[in-house]
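A.B. asks: First the structure, then my questions, so here it is.
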Amino acid sequence: METDLTLAEKTLREREAFLNSLLDAIPIPVFYKDRDGLYRGANKAFEAFLGIAREDLNGKTVLDINPPDLAHIYQTKDAELFRKGGTQQYDSQMKNAHGLIRDVIFNKAVFTDSEGTITGLIGAILDITERKQAEQALVAEKDLSESIIDSMPGVFYCYDDQLRFKRWNRNFERVSGYSAEELLHASPLDFFAGHGRETVERKIGEVFSKGESSAEADFVSKDGRKTPYFFTGLKVRIDNADHLVGVGIDISEIKQAKEALRASEAKYHSIFENSLEGIYRTTKEGRFLMANTAFCDQLGYSSFEELAATVTNVATQLYVRPEDREYLLQMLEEESAVKGFETRFYRKDKRIVWVRINITAVRDESGNILYYDGIDEDTTQRKEVEREQARSAAQVRKAMMDTIHALVSMSEFRDPYTTGHQNRVADIAAAIAEELGLPEEQISGIRIAGLIHDVGKICIPTEILSKPGQLSQIEMDLIRSHVAAGYEIIKDIEFPWPIRKAVLQHHERLDGSGYPSGISGDDIVMEASIIAVADVVEAMASHRPYRAAQGLEAALEEIEKNKGILYDEKVAEACLRLYRDKDNI
């Protein structure tokens with residue numbers, strides 16, 4: 001028969017078993033301690049969280065199973081609870097079975113005996129790590145969103161369907177000049193005036209009715225300053241209410257650029273239409289895309305429209321020689337721009353005009369030709385003037401040559417012994433000049449100088465020119481005066497070459513020993529230096545009344561011996577090459 005004591009113990013064990021079963025059914029960690037802070041029990045969730053079996057936990061303190069810094073917090077909180085009684089809740093951290101520090105909430109309460117004395121505490125642990133991480137992520141996301149909005153170069157705004165501001169960025173405060181407190185009591189329409197306010201009000205209505213819209217208007221700041229802005233608006237649902245979210249971009253520079261472009265286009269159009277030169281654009285196929293008034297006038301068309309309708313293939317209808325355009329296009333493929341190209345165009349009335357073209361191939365980013373831009377000048381009148389000038393120049397040149405030949409004939413008539421001398425000197429001088437590589441035009445002048453270098457002998461008495469035997473000093477002086485006389489005879493004739501100096505200086509010598517002035521070195525013109533060598537070679541190789549011919553070899557020896565002394569060295573060497581190496585004379 002069970003005694004009362006045995007029955008009481010049985011009942012207590014049953015209640016303890018029930019309590020343990022109840023605790024094990026709770027999914028959150030639960031523990032209890034005695035008044036000395038020793039663990040006396042825990043549920044399975046607590047075992048799993050800490051990774052410690054209940055039998056190993058019994059009799060241990062927080063110092064035995066927790067890091068010192070956390071254990072100190074738990075001891076302090078337990079002491080406070082035992083002192084005050086009741087319940088306790090606080091956030092802290094706890095190390096779990098995997099060695100990870102977790103964020104937790106402790107919920108604790110004391111329990112007492114029948115006399116009300118606190119005999120221990122019971123606690124429950126709520127793991128809030130994931131919740132805290134989510135909260136932190138949400139805060140970080142909000143901070144990032146705020147940073148992005150505040151870093152926007154334009155203004156950001158958000159207001160509800162009652163036109164009450166809910167959010168804006170720092171730029172909005174800066175541009176508007178209003179504080180955050182003032183913006184809370186402002187309406188979006190407060191920042192616009194006149195027609196701009198009407199436009200924005202209408203566009204706001206479109207956003208709330210259609211979902212989105214945009215507008216361009218002057219944004220009026222607190223100080224009255226107006227700035228052109230482009231605004232966008234999008235309807236979004238926030239907290240079960242419609243809101244307008246949008247941005248505004250300052251378009252001052254864009255508007256200024258547009259105005260500058262408009263002014264530039266107007267200036268270009270003015271230049272295009274008022275240019276005295278023809279300006280046009282054609283396709284690769286040969287159709288006109290545009291042309292100014294000057295170009296149409298050049299070709300006899302009343303307007304660009306008439307030109308474009310009439311000339312549909314410039315190669316066959318505009319160019320007199322279609323092959324000129326083909327050649328021009330080939331050059332443009334290689335060079336992209338051609339300047340000074342001369343060709344002939346047909347006018348509307350079929351008359352032909354000369355033009356001088358500067359043309360450019362305009363290409364796309366891939367290098368493909370899009371079209372050709374050309375500027376042309378009507379050179380028909382200039383061509384006629386040039387032809388007339390050429391005819392006149394030819395006539396003048398013929399008259400000059402006729403005069404020269406008359407002078408040569410007269411000179412040779414006076415001195416029959418030197419008949420042909422001036423012609424031979426002219427041929428030798430021209431050959432030397434060519435050997436030196438002088439320009440063709442300069443060679444022509446040297447030939448003419450050679451033809452008349454002795455024209456001054458007209459002034460010398462015939463009996464002296466044809467006198468046999470040795471000449472006296474006076475007679476030699478008279479002979480030498482022919483260079484000055486020749487200069488006087490031709491000094492008023494306008495030659496395009498330094499022929500007068502050549503005639504005057506052809507007896508001057510490099511070392512200053514010549515006549516009539518005794519000049520030397522670079523003071524002697526090239527034409528005179530060349531004629532001097534040619535004259536010596538021809539004179540020594542030919543017969544004279546006062547001496548027999550000395551022969552060509554003697555003449556060349558004279559040139560060889562005195563090159564660089566009496567005669568220009570380069571001229572002398574050119575002469576020697578012609579006779580000794582090339583036998584060209």
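The values are calculated or read from the model by the stated rules, or taken from the named source; none is laboratory data. Small disclaimer: the values here were computed from a predicted structure and weren't measured. Here the Cβ is made from the backbone with ideal geometry for all residues, glycine too, and neighbour counts use every protein chain on show. Side chains included, ligands, DNA and RNA excluded: accessible areas come from the protein's heavy atoms. Shrake-Rupley method; radii C 1.70, N 1.55, O 1.52, S 1.80 Å.
A.B. asks: Please count how many residues of the stretch 85-101 are in contact with a strand residue (DSSP E or B) (Cβ under 9 Å, 6 or more places away or on another chain) and assigned to a loop (DSSP other than H, G, I, E, B).
C.D. replies: Narrowing the stretch 85-101 to residues in contact with a strand residue (DSSP E or B) (Cβ under 9 Å, 6 or more places away or on another chain): 85-96, 101.
After this cut, where a residue has to be assigned to a loop (DSSP other than H, G, I, E, B) as well, the list is 85-86, 96.
The qualifying residues number 3.
A.B. asks: Every residue in the stretch 501-531 that is part of a helix (DSSP H, G or I) and either touching a Phe, Trp or Tyr at 6+ places or on another chain (Cβ under 6 Å) or farther than 20 Å from Asp568 by Cα (or both), please. Give the steps one after another, and end with the answer.
C.D. replies: Quick first cut of the stretch 501-531, residues part of a helix (DSSP H, G or I) only: 501-505, 521-523, 526-531.
Listed by number, the residues that qualify are Val503, Leu504.
A.B. asks: Check Ile65, Ile26, Ile118, Ile52 and return the single one that is in contact with a strand residue (DSSP E or B) (Cβ under 6 Å, 6 or more places away or on another chain) and of a type in the set (A, V, I, L, M). Write out each step before concluding.
C.D. replies: Values: Ile65 fails: in contact with a strand residue (DSSP E or B) (Cβ under 6 Å, 6 or more places away or on another chain); Ile26 fails: in contact with a strand residue (DSSP E or B) (Cβ under 6 Å, 6 or more places away or on another chain); Ile52 fails: in contact with a strand residue (DSSP E or B) (Cβ under 6 Å, 6 or more places away or on another chain).
Testing whether each residue is in contact with a strand residue (DSSP E or B) (Cβ under 6 Å, 6 or more places away or on another chain) and of a type in the set (A, V, I, L, M) leaves just Ile118.
A.B. asks: Oh, and also: When you scan the stretch 151-221 for strands (runs of 3 or more DSSP E) that lie fully inside it, which ones turn up with 1 or more residues that are free of Cβ contacts under 8 Å to residues at least 40 places away in the same chain and of a type in the set (Gly, Ala, Ser)?
C.D. replies: Working: elements: 155-160, 165-168, 212-220.
Qualifying strands (runs of 3 or more DSSP E): 212-220.
A.B. asks: Go through Asp190, Asp161 for me and flag whichever is at pLDDT 90 or above and surrounded by 15 or more Cβ atoms within 10 Å (Cβ to Cβ). Can you show your working first?
C.D. replies: Values: Asp161 fails: surrounded by 15 or more Cβ atoms within 10 Å (Cβ to Cβ).
It is Asp190.
A.B. asks: Another one. Which condition does Ile254 not pass, out of (1) open to solvent by 20 Å² or more (accessible area, probe 1.4 Å); (2) among the β-branched types (Val, Ile, Thr); (3) modelled with pLDDT of 90 or more; (4) not in a strand (DSSP E or B), if it passes all the others?
C.D. replies: (3)
A.B. asks: Arg544: farther than 20 Å from Val503 by Cβ and at pLDDT below 90, yes or no?
C.D. replies: On the way: farther than 20 Å from Val503 by Cβ: yes; at pLDDT below 90: yes.
In short, yes.
A.B. asks: Additional query: Only residues in the stretch 318-335 that are β-branched (Val, Ile, Thr) count as the first member; pair them with residues that are open to solvent by 50 Å² or more (accessible area, probe 1.4 Å), Cβ under 7 angstrom, at least 6 apart or cross-chain, and list the lot.
C.D. replies: The qualifying pairs are Val320/Arg344; Val320/Tyr346; Val320/Ile352.
A.B. asks: Being open to solvent by 60 Å² or more (accessible area, probe 1.4 Å) and either under 16 Å from Ala534 (Cβ atoms) or part of a loop (DSSP other than H, G, I, E, B) (or both) is the filter here, so list the residues in the stretch 484-500 that pass it.
C.D. replies: Scanning the stretch 484-500 gives Lys491, Asp492, Glu494, Pro496.
A.B. asks: Tell me, which helices (runs of 4 or more DSSP H) lie completely within the stretch 1-84 with 2 or more residues that are in contact (Cβ under 8 Å) with a residue 12 or more places away in the chain and among the β-branched types (Val, Ile, Thr)?
C.D. replies: Values: elements: 4-25, 44-50, 54-57, 62-65, 68-84.
The helices (runs of 4 or more DSSP H) meeting that bar are 62-65.
A.B. asks: State whether one or more residues within the stretch 102-120 are over 17 Å from Glu80 (Cα atoms), of a type in the set (A, V, I, L, M, F, W, C) and in a helix (DSSP H, G or I).
C.D. replies: Narrowing the stretch 102-120 to residues over 17 Å from Glu80 (Cα atoms): 102-104, 113-116.
Filter once more, so that each one left must be of a type in the set (A, V, I, L, M, F, W, C): 104.
Among the residues that remain, those that are also in a helix (DSSP H, G or I) are: none.
No, there is no match, as no residue in the stretch 102-120 is over 17 Å from Glu80 (Cα atoms), of a type in the set (A, V, I, L, M, F, W, C) and in a helix (DSSP H, G or I).
A.B. asks: Identify, please: which residue in the stretch 258-294 is of a type in the set (Gly, Ala, Ser) and part of a loop (DSSP other than H, G, I, E, B) and is, among those, surrounded by the fewest Cβ atoms within 10 Å (Cβ to Cβ)? Explain how you work it out, then say what you get.
C.D. replies: Just the residues of the stretch 258-294 that are of a type in the set (Gly, Ala, Ser), to begin with: 260, 263-264, 266, 270, 275, 278, 286, 291, 294.
With part of a loop (DSSP other than H, G, I, E, B) added as a condition, the list becomes 275, 286.
Details: Ser275: 14, Gly286: 19.
Checking each candidate, the answer is Ser275.
A.B. asks: Mind checking whether some residue in the stretch 54-69 is within 14 Å of Leu126 (Cβ to Cβ), of a type outside the set (Lys, Arg) and modelled with pLDDT of 90 or more? Spell out how you get there, then give the answer.
C.D. replies: Filtering the stretch 54-69 for residues within 14 Å of Leu126 (Cβ to Cβ) gives none.
No: zero hits.
A.B. asks: Could you look through the stretch 313-344, keep only residues that are in a strand (DSSP E or B) and of a type in the set (Gly, Ala, Ser), and pick out the one that is least open to solvent (accessible area, probe 1.4 Å)? Even if it seems obvious, please write down each step before you answer.
C.D. replies: Just the residues of the stretch 313-344 that are in a strand (DSSP E or B), to begin with: 319, 337-344.
Filter once more, so that each one left must be of a type in the set (Gly, Ala, Ser): 337, 340.
Working: Ala337: 52, Gly340: 25 Å².
Among those that are in a strand (DSSP E or B) and of a type in the set (Gly, Ala, Ser), it is Gly340.
A.B. asks: For the stretch 345-378: of the residues being among the hydrophobic types (A, V, I, L, M, F, W, C) and open to solvent by 60 Å² or more (accessible area, probe 1.4 Å), which is farthest from Val320 (Cα to Cα)?
C.D. replies: From the stretch 345-378, those among the hydrophobic types (A, V, I, L, M, F, W, C) are 345, 352-355, 357, 359, 361-362, 369-370, 375; that's our starting set.
Filter again for open to solvent by 60 Å² or more (accessible area, probe 1.4 Å), leaving 352, 354, 370, 375.
Numbers: Ile352: 8, Trp354: 10, Leu370: 25, Ile375: 18 Å.
Among residues in the stretch 345-378 that are among the hydrophobic types (A, V, I, L, M, F, W, C) and open to solvent by 60 Å² or more (accessible area, probe 1.4 Å), the one farthest from Val320 (Cα to Cα) is Leu370.
A.B. asks: Further question on the same structure: Return yes or no: is Gly224 free of Cβ contacts under 8 Å to residues at least 40 places away in the same chain and assigned to a loop (DSSP other than H, G, I, E, B)? Walk me through how you get there before you give the answer.
C.D. replies: On the way: free of Cβ contacts under 8 Å to residues at least 40 places away in the same chain: yes; assigned to a loop (DSSP other than H, G, I, E, B): yes.
Answer is yes for this residue.
A.B. asks: Could we say that Glu216 is at pLDDT below 95, in contact with a helix residue (DSSP H, G or I) (Cβ under 9 Å, 6 or more places away or on another chain), open to solvent by 80 Å² or more (accessible area, probe 1.4 Å) and not basic (Lys, Arg) here?
C.D. replies: On the way: at pLDDT below 95: yes; in contact with a helix residue (DSSP H, G or I) (Cβ under 9 Å, 6 or more places away or on another chain): yes; open to solvent by 80 Å² or more (accessible area, probe 1.4 Å): yes; not basic (Lys, Arg): yes.
Criteria met by Glu216.
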